[in-house]
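**Q** Here it is, the structure, as structure tokens.
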Amino acid sequence: KTKAVNMTTCLLRHNLPVTQDDPRSFGMEREGRVAVFYEDTLGNYPYFIDKDTPVNGGLPQHTGLDNHLQKTQQDLEAALPAPRYLGLGVLRWVEWAPQWSRNRDKQTMYLEASRNLLKAFFPNWTPEEVDFEAAAQSVMTETLREVKRLRPKALWGVSPFPSCYNGNPAQTILANYTGQCPAAEMALNDELLWLWKRCSALYPLLTLENGTAGAKLYLSSQIREALRVSSLTGTAFDLPVFPLVKSVYASTNTFLSQETYSQQLFLLPAYIKFNCLFLSQRECQDLAEFVRKVLGPYSINVTTATRLCSASLCQGKGRCVRQNPQSSAYLHLPPQSEAVEKVTEKVRDYTLKVEFKIHLCKPGSFCP
């Protein structure tokens, strides 16, 4: 299993700022603005280290909700002591999927364990998936209900959902790969309406590859599906979408290049910000260098351009989105030699009005 490197610790260790008060912070979010919880940092989330080593019972069917929610409260209050915490709250739970058919590859151990569980207690029964899904739904919905009760100002969601499950490098390199989200996966995402109604934000996971046309198609499709799902809840405002972008290439585990950021991530809708996950296999020094040379400069470029667009078109009360979702228009500042005032006039006079429209933010909420 992999864990996230503590980004704040790394930046401080290498004399890089961590707050937006310092212009050298390269547009990084203010310390404490994003809280990511893993399977072993919130409550009694059940999972297997391997098929013979269960943790907290291994299966959602074994979860005692009262004890789980009590532990969730303790962990959450320790991690986020401020009751009015205003930021992003991510449950990064990837060990199993709440839908039976989506547990693939190494996740099939949960299916086998569920079958064995039912055989032991109900030898004549066969509805394993019903039992598994009902328990998984209960664990997720009750956990979200509890964290929203305790920290109601935060935007809570579960990653890596939603997903099209079509970004495997073996798929994206195929000549006939279209990136289009399969109809079957879209239908399964629709069935997760119970989850979307409990979330206050969506956190799809993006993994990138270097220099493949298929990777761009996958990225665009994944985001379009997340935006589609964000509108399913029937509320007045769509759920905000915050992609979690892995900072390393899936196949090589090397850090993303500036070229990849500018050529692939520009496909994201203009108002979406990134929260990058950093794997613990990489040294802290590598992470600091990556932030200093690649992620930092790129982040401040996109963040500043997005704010200029919001100020120009939305009077600062909303976000800019593409008029045409399929368009390749994106918000980047030109080279640093050009003054921001000049950029603002260019953008206001032509690009913004032609390519972008307003997406209003929910009043009183955290506006991404």
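**Q** Among (1) surrounded by 15 or more Cβ atoms within 10 Å (Cβ to Cβ); (2) within 27 Å of Asn253 (Cα to Cα), there is one condition Leu155 misses while meeting the rest; what is its number?
**A** Only one criterion in (1) surrounded by 15 or more Cβ atoms within 10 Å (Cβ to Cβ); (2) within 27 Å of Asn253 (Cα to Cα) is unmet by Leu155, namely (2).
**Q** Still on this structure: Of everything in region 185-225, what is in a helix (DSSP H, G or I), over 18 Å from Met140 (Cβ atoms) and in contact with a Pro (Cβ under 7 Å, 6 or more places away or on another chain)? Give them in sequence order. Write out each step before concluding.
**A** Going through region 185-225, the residues in a helix (DSSP H, G or I) turn out to be 185-191, 193-198, 213-225.
Narrowing the set further to residues that are over 18 Å from Met140 (Cβ atoms) leaves 185-187, 213-225.
Scanning region 185-225 gives Gln222, Ile223, Arg224, Glu225.
**Q** Hey, another quick one. Scan the helices (runs of 4 or more DSSP H) fully inside region 78-182 and keep the ones with 3 or more residues being modelled with pLDDT of 90 or more and among the charged types (D, E, K, R). First the steps, then the outcome.
**A** Working: elements: 108-121, 128-150, 169-172.
Fully inside region 78-182 and qualifying: 128-150.
**Q** For Lys293, work out the one condition from (1) crowded, with 16+ Cβ neighbours inside 10 Å; (2) basic (Lys, Arg); (3) modelled with pLDDT of 75 or more it doesn't fulfil.
**A** Result: Lys293 fails condition (1) only.
The values are calculated or read from the model by the stated rules, or taken from the named source; none is laboratory data. Only a predicted model underlies this, so the values are computations on that prediction, with no experimental measurement involved. Reconstructed Cβ throughout: ideal geometry from the backbone, glycine too, with neighbour counts over all protein chains shown.
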